[in-house]
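Novice: Have a look at this one.
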């Protein structure tokens with residue numbers, strides 16, 4: 001489960017995020033099939049539409065529940081695009097690629 005906490009497509013998170021990188025947080029509730037599917041789906045979309053240009057942090061709400069209130073998470077899985085602004089979010093298992101791309105405003109990057 002710890003492997004889900006923080007992942008990055010290309011390099012470790014140093015706290016200094018370049019302005020040309022997308023910063024995404026995926027909130028999941030444990031290691032359920034739905035959570036696993038959401039992680040796989042969002043990683044696939046990021047690799048396809050943002051190769052080398054994203055940071056993806058996967059947060060298990062059972063391990064870090066305080067982060068849910070800070071991001072106003074009411075359901076899981078939820079993916080939050082933190083950068084670039086404005087913040088965008090999508091709720092669900094991320095299997096509907098068109099909805100995820102539109103919800104996170106990534107459509108123009110293909």
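The values are calculated or read from the model by the stated rules, or taken from the named source; none is laboratory data. Keep in mind the model is a prediction, meaning the values are calculated, not measured. Neighbour counts run over all protein chains shown; Cβ positions are idealised from the backbone, glycine included.
Novice: For residues in the range 99-110 being touching a residue at least 60 places away in the same chain (Cβ under 8 Å), over 11 Å from the mean Cα position of the chain (by Cα) and in a loop (DSSP other than H, G, I, E, B), which is surrounded by the fewest Cβ atoms within 10 Å (Cβ to Cβ)? Give the derivation first.
Specialist: We begin by selecting, within the range 99-110, every residue touching a residue at least 60 places away in the same chain (Cβ under 8 Å); these are 104, 106, 109-110.
Still in the running and over 11 Å from the mean Cα position of the chain (by Cα): 106, 109-110.
Filter once more, so that each one left must be in a loop (DSSP other than H, G, I, E, B): 106, 110.
Values: 106: 21, 110: 8.
Top of the filtered list is 110.
Novice: Now for a different question. For the range 59-77, enumerate the residues that are in contact with a strand residue (DSSP E or B) (Cβ under 7 Å, 6 or more places away or on another chain) and farther than 15 Å from residue 23 by Cβ.
Specialist: First pass over the range 59-77, keeping only residues in contact with a strand residue (DSSP E or B) (Cβ under 7 Å, 6 or more places away or on another chain): 59-61, 67-68, 71, 73, 75-77.
Across the range 59-77, the qualifying residues are 60, 61, 68, 73, 75, 76, 77.
Novice: I need the full set of residues from the range 16-35 which are out of contact with any helix residue (DSSP H, G or I) (no Cβ under 9 Å at 6 or more places or on another chain), at pLDDT below 95 and not in a helix (DSSP H, G or I), in order please.
Specialist: Let us first name the residues in the range 16-35 that are out of contact with any helix residue (DSSP H, G or I) (no Cβ under 9 Å at 6 or more places or on another chain), namely 16-21, 23, 30, 32-34.
Next, only the ones that are at pLDDT below 95 stay: 16-21, 30, 32-34.
Across the range 16-35, the qualifying residues are 16, 17, 18, 19, 20, 21, 30, 32.
Novice: Considering only the range 48-88, how many residues are farther than 14 Å from residue 105 by Cβ and under 12 Å from the mean Cα position of the chain (by Cα)?
Specialist: Residues meeting the conditions: 9.
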